[in-house]
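Peer 1: Right, I'll just put the structure down here and ask away after.
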Amino acid sequence: MTRIQTQLTALKEQSRSALIPYITAGDPAPQTTVPMMHALVEAGADLIEVGVPFSDPMADGPTIQLACERALEHNTSLRDVLAMVREFRQQDNQTPVVLMGYLNPVEAMGYETFVTEAVAAGVDGVLMVDLPPEEASDVDSIFKQAGLDMIYLIAPTTTDERIEAIGNAGSGYVYYVSLKGVTGSKALDVDDVARNLERIRQHVSIPVGVGFGIQDGQTAAAVADIADGVIVGSAIVNRIAANADNPAEARRQVTELVADMRTAMDA
């Protein structure tokens, strides 16, 4: 099993949901990313999604778009992100790391080169927003043979037929986008999420993580009751943005948020 599968299986045996925070690599500066990753783990993160900065993050709202802009001001590249993961692995060889982003930087590097370097750095999974499973057949085998989980998105509007195809193509977990729209949306309807998760689980056998709209311990706990993973992005990135000139304060606020979520989820 991959690190992701091992972690999620262990949590399921404990009847616990995974806490999966997201940060954009290089935001607000490259040297802040690895310390923030370690701080997330110390606060209770079970898995970390690391965003690869991209100039046109079309699926993301203003919060993540601005995070990408701040990172790109320092020319943070895909190779830089891999170096950050490699540095993180010097102290942490247990916490799974998923790279989340867009296809263009990976295509520019070359699929086989990327896979080789990602595995060597300690990456466990990849979620490319603009690479649906229907278009991934040529690269899917390259990733999976190297031991990288391929994670795909499911939306509230996704048909049952396509959910089944995603469940068959994906590994590690699937990412259920709980709201229509871009990242940073707030109006989370937990009952609606529960109904959709019931439908998804009729077609998907791997764990289901839920993201979008999770802002605090209360919403994290509500989602943890129904999902295998709670994915938190914009609430974290907003705190980083508000303290872009004070990395220590950013880490304090982010770890306080993540710790509160972990406590509420475990209550």
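Please treat every number below as a calculation from the coordinates, not as lab data. Not measured: the values here are computed from a predicted model. Here the Cβ positions follow ideal geometry from the backbone for every residue, glycine too, while neighbour counts run over all protein chains shown.
Peer 1: What number of residues within region 202-251 satisfy the criterion of being under 18 Å from the mean Cα position of the chain (by Cα), part of a loop (DSSP other than H, G, I, E, B), over 13 Å from SER17 (Cβ atoms) and among the hydrophobic types (A, V, I, L, M, F, W, C)?
Peer 2: Looking only at that region, the number is 2.
Peer 1: Quick one: ASP216 ticks every box in (1) touching a Ser or Thr at 6+ places or on another chain (Cβ under 7 Å); (2) surrounded by fewer than 23 Cβ atoms within 10 Å (Cβ to Cβ) bar one, so which box is it?
Peer 2: The number of the failed condition is (1).
Peer 1: Please go through region 67-77 and pick out each residue that is in contact (Cβ under 8 Å) with a residue 60 or more places away in the chain and either among the aromatic types (Phe, Trp, Tyr) or farther than 13 Å from GLY233 by Cα (or both).
Peer 2: ARG70
Peer 1: Quick one: would you say THR95 is more than 18 Å from PRO21 (Cβ to Cβ), polar (S, T, N, Q), touching a residue at least 24 places away in the same chain (Cβ under 8 Å) and out of contact with any Phe, Trp or Tyr (no Cβ under 7 Å at 6 or more places or on another chain)?
Peer 2: no
Peer 1: Related question: Which residues, counting only those in region 121-152, are buried (at least 19 other Cβ atoms within 10 Å of the Cβ) and either touching a His at 6+ places or on another chain (Cβ under 9 Å) or over 15 Å from GLU107 (Cα atoms) (or both)?
Peer 2: Answer for region 121-152, where residues must be buried (at least 19 other Cβ atoms within 10 Å of the Cβ) and either touching a His at 6+ places or on another chain (Cβ under 9 Å) or over 15 Å from GLU107 (Cα atoms) (or both): ALA121, GLY122, VAL123, ASP124, GLY125, LEU148, ASP149, MET150, ILE151, TYR152.
Peer 1: Could you pull out the residue among LEU72, LEU40 that is out of contact with any Cys (no Cβ under 8 Å at 6 or more places or on another chain) and either under 22 Å from GLY170 (Cα atoms) or surrounded by fewer than 23 Cβ atoms within 10 Å (Cβ to Cβ) (or both)?
Peer 2: The match here is LEU72.
Peer 1: Something else now. I'd like the full set of residues that are of a type in the set (Val, Ile, Thr) and under 14 Å from THR113 (Cα atoms), limited to region 133-162.
Peer 2: Scanning region 133-162 gives VAL139, ILE142.
Peer 1: Now for a different question. Please go through (1) over 22 Å from SER137 (Cα atoms); (2) of a type outside the set (Val, Ile, Thr); (3) crowded, with 22+ Cβ neighbours inside 10 Å; (4) without any contact (Cβ under 8 Å) to a residue 40 or more places away in the chain for SER234 and return the number of the only condition it doesn't satisfy.
Peer 2: (4)
Peer 1: If you don't mind, another one. Tell me which residues, restricted to region 3-60, are of a type in the set (Ser, Thr, Tyr) and within 23 Å of ALA146 (Cα to Cα).
Peer 2: Result: THR6, THR9.
Peer 1: Right, next: Please specify each residue of region 1-18 satisfying the condition of being in a helix (DSSP H, G or I) and among the small types (Gly, Ala, Ser).
Peer 2: Residue satisfying the conditions is ALA10 alone.
Peer 1: Right, another one. Out of all the residues in region 84-101, which are buried (at least 18 other Cβ atoms within 10 Å of the Cβ) and more than 18 Å from the chain's Cα centre (by Cα)?
Peer 2: Scanning region 84-101 gives no hits.
Peer 1: Among the listed residues ALA71, ALA43, identify the single one that is closer than 21 Å to GLN7 by Cβ and in contact with a Ser or Thr (Cβ under 7 Å, 6 or more places away or on another chain).
Peer 2: That would be ALA43, the only listed residue that is closer than 21 Å to GLN7 by Cβ and in contact with a Ser or Thr (Cβ under 7 Å, 6 or more places away or on another chain).
Peer 1: Can you find a residue in region 245-267 that is buried (at least 19 other Cβ atoms within 10 Å of the Cβ), over 29 Å from PRO30 (Cβ atoms) and touching a residue at least 40 places away in the same chain (Cβ under 8 Å)?
Peer 2: yes
Peer 1: Also, quick follow-up: What's the total number of residues in region 102-117 that are charged (D, E, K, R) and surrounded by 14 or more Cβ atoms within 10 Å (Cβ to Cβ)?
Peer 2: 1
Residues are listed down the side, and each one gets a yes or a no for (1) out of contact with any helix residue (DSSP H, G or I) (no Cβ under 9 Å at 6 or more places or on another chain); (2) under 13 Å from ARG3 (Cβ atoms):
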{"position": "LEU82", "(1), (2)": "no, no"}
{"position": "VAL85", "(1), (2)": "no, yes"}
{"position": "GLN94", "(1), (2)": "no, yes"}
{"position": "GLY101", "(1), (2)": "no, no"}
{"position": "PHE114", "(1), (2)": "no, no"}
{"position": "GLU117", "(1), (2)": "no, no"}
{"position": "ASP124", "(1), (2)": "no, yes"}
{"position": "LEU127", "(1), (2)": "yes, no"}
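Peer 1: Something else: Name every residue in region 19-76 that is assigned to a helix (DSSP H, G or I) and within 20 Å of TYR152 (Cα to Cα), in order of residue number.
Peer 2: Result: ILE64, single match.
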